[in-house]
Every structure is written in C-alpha cells, then in structure tokens.
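The values are calculated or read from the model by the stated rules, or taken from the named source; none is laboratory data. A quick note: this is a predicted structure, and the numbers were derived from the prediction, not measured. Every residue, glycine as well, gets a Cβ built from its backbone with ideal geometry; the counts of neighbours run over all protein chains shown.
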Amino acid sequence: MSQMFAGKAPNAATARSVNWADKHYLVVDDCASIRQLLRESLRNMGAKLIDQATDGAEAVALISNNRYDIILCDYHLDGGRNGQQILEEARGNNWLKPSSMFVMVSAEKSAESVMGTAEYHPDAYLIKPITEGMLDTRLNRIWQKKQVFQQIDLAYAQKDYAGAAVQCDFQIAANPLHENDLLRMKATLLLKCGERDGARAIYEQVLGQRNCTWAKAGLAQLLMQDGDYAGASLMFQHVIEGNSLFLEAYDQLAAAHKQMGQQEQASTVLERAARMSPNSVARQNTLGEISLRLGNVASAEKAFRKCISVGEHSISKTADPYFGLARVCSIKKAPKEALQLLLTVQKKFAGEASDLRARVTEGLVYLDNDDRHSATVIAMEFEAMLATASAADLPSPNTCMDIATLLLEVGAKDPAIKLLCHIIQNNDDDKSVRDEVQKVFAYAQMAEEGAALIEEARKEAADIMNRGVLLWKTNKLDEAVDWMRAARHKMPGNLRVLLNTAQILISHVQKLGYDQAVLAEAAEVLAQVEKIAPGQRRHTELSSQLAAILPDSAPAGVSEFLDIDGHAMPGL
C-alpha cells in the first residue's frame with residue numbers, strides 16, 4: 001500500500017486557495033444570535049451547505065450521520081454534552097474524516113476549559129467575539145496544514161503505518177515549516193510498525209537540535225515500555241519542568257510512580273494535573289482510586305464525585321467511580337447513599353462484571369456498617385462461586401481483592417488466600433499489586449503470613465515460567481507448547497506467561513513448519529496481551545515475527561486475529 005505514495009508530495013505553501021463553497025459545515029451553539037453570526041460569516045466566505053445544532057445531543061446525531069468538512073462548536077452548551085465531550089465522542093467513534101476541521105468556539109478563557117479541550121486536540125480554539133476575518137484566516141491556516149497530513153491520515157486510517165511513515169519523509173522535504181509535527185507523527189508511526197529504534201533515533205535527533213517536550217516524552221515512554229519506571233519517572237519530571245502544561249506527562253509520571261509502589265507521589269502528581277484540567281474522566285477516577293487506597297477519603301470523594309459529574313455525558317463514562325464513591329460513603333457511615341449508588345450502577349451499567357462488583361461492594365458496605373449477617377450471606381455466595389470457577393472466569397484484580405477482603409472478614413480464610421495468590425501469580429512482577437495484596441493480608445491481621453504467601457506464589461509462577469522456557473531452549477518444542485498452554489490456563493492474566501507462550505508458539509512454526517492452528521493461537525495470545533497492557537515492547541516484536549512467517553494469503557483461522565500489518569487486533 002505504501003506504493004501509492006511514490007509520487008512527489010504536494011507543497012501546502014503553494015496550494016490553491018480554498019474553495020469554501022464545496023465544503024459541508026456544522027455550527028453548534030445554543031445561542032441563536034451566535035449561530036446566525038457564524039452562518040453569515042461562513043456564507044460571506046462562500047459557504048453554501050451549513051447545518052445547525054442547538055445542543056450536544058443534536059450535534060452528535062448529526063456528526064454520526066454526516067462527514068462534515070468543518071465543525072464550529074461552542075464549548076458551553078445548555079444541558080447534556082459540552083463541546084469537549086462532543087469532540088471526544090466524535091474522535092472516539094471515528095466520525096471525523098482525516099481532512100475534517102473541528103474548531104472549538106467559546107467566550108471562556110479559563111484554564112479549565114482551554115486545557116480540558118486541548119487534551120482532545122481540536123484543530124483550533126477560538127475566543128468570542130469572532131470576526132469574519134479572524135474566522136477566514138484561521139480556517140485557511142488549518143486547511144493548509146490538513147493538506148500536508150491528508151495522505152498520512154488516510155494511510156493511518158487504513159493501518160498502513162509503514163506507508164504513512166514514508167509519506168512523512170516526502171512531506172518533510174516539501175513542507176519544511178511543518179517538519180516538527182511531521183517528525184512527531186513519523187515517530188508515532190514507526191512505533192506502530194514495531195520500529196522502536198527508528199522512533200528513538202527521531203527523538204534523539206530532535207533533542208540534539210533543541211529542547212523538545214514531545215521528543216523527551218517519547219523517550220520516557222520507551223523507558224516505560226521497557227519496565228524502567230525509575231528512568232521514565234525522572235524523564236517525565238524533566239518534561240514537566242520544561243513544560244508544565246504538557247498534561248500527558250503527568251498521567252505517565254503518575255503511572256510510573258504507581259508501578260513502583262509510590263502511591264503518595266502518584267496522588268500528588270494527579271492532583272496537580274487535575275487542578276489544571278479537572279474534566280478528564282480517566283484522571284479523576286485514577287486519582288480517586290489512589291486516594292482511597294491511601295485512606296484520603298476526602299480527596300477520594302471529591303475525585304469520584306467530579307468524575308461522575310463530568311462523565312455523565314462522556315463516551316469515557318464507566319461504573320468505576322460509582323463503586324469508588326460507594327466505598328467512600330460506606331467508610332463515612334452513609335450506607336443508604338452507598339447502596340443507592342450500587343442500584344444506580346446496576347441500572348446504568350448492566351452486565352455480569354458490574355453486577356458481580358456491585359454485589360461484593362454491597363457486602364463491604366454491610367461490613368463497614370456492622371451488618372455482619374448480610375455480609376456473611378454475600379460472602380458465602382462468593383465462596384460457592386469460587387469453588388467451581390476456573391482462573392479465566394475470575395474477575396479483575398481489584399474485584400478479586402474486594403472479594404478476598406470480604407471472605408477474610410467473615411472467616412472464610414482458605415478461598416480468600418487462594419484468590420489472593422491467584423492475583424499475585426497473574427501480576428507477579430507488579431509491585432503496586434503486591435503492595436495492595438499485602439494490605440489485604442495486613443487488614444486481616446495476617447501481615448507476616450501474607451508476605452510469605454506472596455513470595456511463595458511468586459516463586460511458583462517463576463518456576464512454571466522457567467520450566468516452559470527451559471523446554472523451549474532445549475528444543476523440546478511440543479512439550480514447551482503443552483507446558484505453556486497449561487501455564488496460560490492457570491495464569492491467564494500473567495503478561496510474561498502470555499508473551500513467552502506466543503514466543504514458543506511462533507518458534508514452533510519457525511522450526512517445525514507451518515501450522516495454521518498454532519499461528520492462530522499465537523495471534524490470539526498476542527491479542528490478549530494488547531488487551532491487558534497495550535504498547536508492550538515484546539508484543540510489538542513478536543507481532544512482527546508472526547507477520548514475517550505468515551503466507552501471502554493467511555487462512556481465516558489466522559487472519560481474523562490480525563490487522564494488515566500482522567499485529568494482533570486489540571479488541572479481542
């Protein structure tokens with residue numbers, strides 16, 4: 001597909017004037033006079049086809065059914081979604097064409113609205129009042145830049161990352177004014193192709209010429225993927241020192257602290273970011289969870305309530321902050337509100353996982369508020385469930401820890417220990433998870449015994465892994481495959497088990513010949529890795545190995561798991 005880019009790239013600087021008459025527009029504003037003003041300005045520029053929306057719901061309905069060239073959207077809208085949430089939903093659902101222009105319009109100059117919107121990358125943020133000349137100038141500037149990136153964006157949408165990276169080189173030669181943005185895009189594309197060394201070279205090249213925030217953040221992200229959380233932490237701190245408004249660095253720095261078990265540092269970083277941009281659903285929820293673990297109930301409550309408020313009309317809305325707030329209310333001896341929140345979850349987020357978590361949270365609410373009988377009834381339900389559940393059937397680590405806490409509190413020690421050991425074996429190299437499991441043991445007055453159980457579970461996981469690797473390295477490939485299949489069954493969430501399983505399956509085909517079922521299994525395992533922890537370095541490397549041994553026309557059993565570059569599809 002990259003052959004389509006073999007011709008000379010167009011030079012945006014010499015591109016023809018924009019024909020605004022052939023574009024499709026959407027104006028979103030709850031004020032009729034503002035809509036009229038923007039329509040008149042667009043018509044004076046030559047626009048003909050202009051749609052209007054008065055609120056977020058109407059805007060989303062129109063954007064989902066049309067492919068607009070230009071959207072002018074007010075930030076503050078009466079009721080429902082605001083402009084930031086409309087943009088978030090449009091990007092999340094791929095409703096915008098690569099050439100589409102999304103311009104946020106607002107009378108609001110506060111850091112909260114500007115920073116919050118900037119996180120979702122509108123093409124421009126215009127402050128009211130807007131003159132016709134201002135609008136024409138900004139739209140022209142955006143359009144010219146869009147022409148530089150149009151072919152790159154099209155290739156990206158088709159997942160032809162290698163072709164898009166080649167197109168970046170053509171565009172850099174033709175449009176040196178956009179070199180910085182094009183190099184940044186090329187580095188991103190190279191990472192998508194698994195060419196980490198190429199991306200690193202770009203970051204280092206740019207930093208050799210100037211102090212560049214995104215290049216430094218890119219190197220820090222590579223350190224994160226390599227598991228060098230201390231090095232990544234230091235570099236992200238340098239990024240923030242150089243540009244205190246680069247919000248992504250705060251989230252990544254907090255993630256690095258969290259991986260190292262430094263919950264207080266992670267909380268401090270997120271609180272600082274949340275003060276600058278309080279409308280991020282994910283950031284507020286993470287801040288709430290960390291604050292709750294630290295026992296900072298007031299901070300947790302503030303974060304969860306804000307998360308629920310800003311998430312009400314967001315595509316990023318989840319049940320997590322409701323569960324977190326329910327625990328906060330329970331701890332504050334407000335069981336009625338806690339139970340009401342759980343009922344709300346069951347109405348808004350119906351599903352087995354949510355129902356399960358709601359039930360265990362209900363049990364913890366009863367415990368917090370001295371209703372031991374009701375808590376015991378729920379605990380016995382979970383004990384019965386665990387007696388027949390396979391490892392693959394068990395819920396997320398956080399839910400498992402809550403179940404174990406409930407079981408330990410009512411005296412069901414054995415199933416609780418088994419569950420906590422399962423968490424450790426599936427997250428044996430994650431210090432933050434080990435610390436949380438240790439807290440569960442300590443809360444149950446089992447700190448010393450718990451520490452020993454954690455180490456025993458880690459050793460068992462390592463022994464199982466090492467046995468499989470030894471079989472592989474001694475060329476006992478059939479035995480190695482069988483062994484790792486059993487390991488995967490026992491530890492379905494262990495990243496190292498999954499990655500080693502994929503490696504051994506790929507080696508099996510490389511050394512013993514083509515096997516459709518084995519290749520399909522390898523692709524499925526890599527898809528599970530991407531689902532659990534996107535961006536893993538070994539995942540990228542193994543995906544490239546897998547793609548290299550696929551025949552030109554892979555059978556359905558293999559290709560259904562792969563995108564066009566041979567990378568395991570993340571949605572499986």
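Select, from ASN140, ASN175, ASN180, the only residue that is crowded, with 18+ Cβ neighbours inside 10 Å, more than 25 Å from SER544 (Cα to Cα) and either in the same structural domain as GLN545 (by TED's automatic domain parsing) or more than 24 Å from the chain's Cα centre (by Cα) (or both).
Values: ASN140 fails: crowded, with 18+ Cβ neighbours inside 10 Å; ASN180 fails: crowded, with 18+ Cβ neighbours inside 10 Å.
So the residue among ASN140, ASN175, ASN180 that is crowded, with 18+ Cβ neighbours inside 10 Å, more than 25 Å from SER544 (Cα to Cα) and either in the same structural domain as GLN545 (by TED's automatic domain parsing) or more than 24 Å from the chain's Cα centre (by Cα) (or both) is ASN175.
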When you check TYR161 against the structure, is it surrounded by 17 or more Cβ atoms within 10 Å (Cβ to Cβ), touching an Asp or Glu at 6+ places or on another chain (Cβ under 9 Å) and of a type in the set (Ser, Thr, Tyr), yes or no? yes
Could you grab the pairs with beta carbons closer than 7 Å, sequence gap of 6+ or different chains, first residue in region 336-365 and touching a residue at least 40 places away in the same chain (Cβ under 8 Å), second one assigned to a helix (DSSP H, G or I) and among the charged types (D, E, K, R)? VAL360/ASP402; THR361/ARG327; THR361/ASP402; LEU364/ARG327; LEU364/ASP402
Per the filter on region 242-264, residues under 13 Å from ARG293 (Cβ atoms) and of a type in the set (S, T, N, Q) are GLN262, GLN263
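Each row is one residue, and each column tells you yes or no for (1) without any contact (Cβ under 8 Å) to a residue 60 or more places away in the chain; (2) acidic (Asp, Glu); (3) farther than 25 Å from SER280 by Cα.
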residue: ALA165; (1), (2), (3): yes, no, yes
residue: ASP169; (1), (2), (3): yes, yes, yes
residue: ASP197; (1), (2), (3): yes, yes, yes
residue: SER233; (1), (2), (3): yes, no, no
Just checking, which of LYS511, LYS490 is surrounded by 15 or more Cβ atoms within 10 Å (Cβ to Cβ) and of a type outside the set (Phe, Trp, Tyr)? LYS490
Somewhere in region 278-292, is a residue modelled with pLDDT under 95, surrounded by fewer than 21 Cβ atoms within 10 Å (Cβ to Cβ) and more than 17 Å from GLY324 (Cα to Cα)? yes
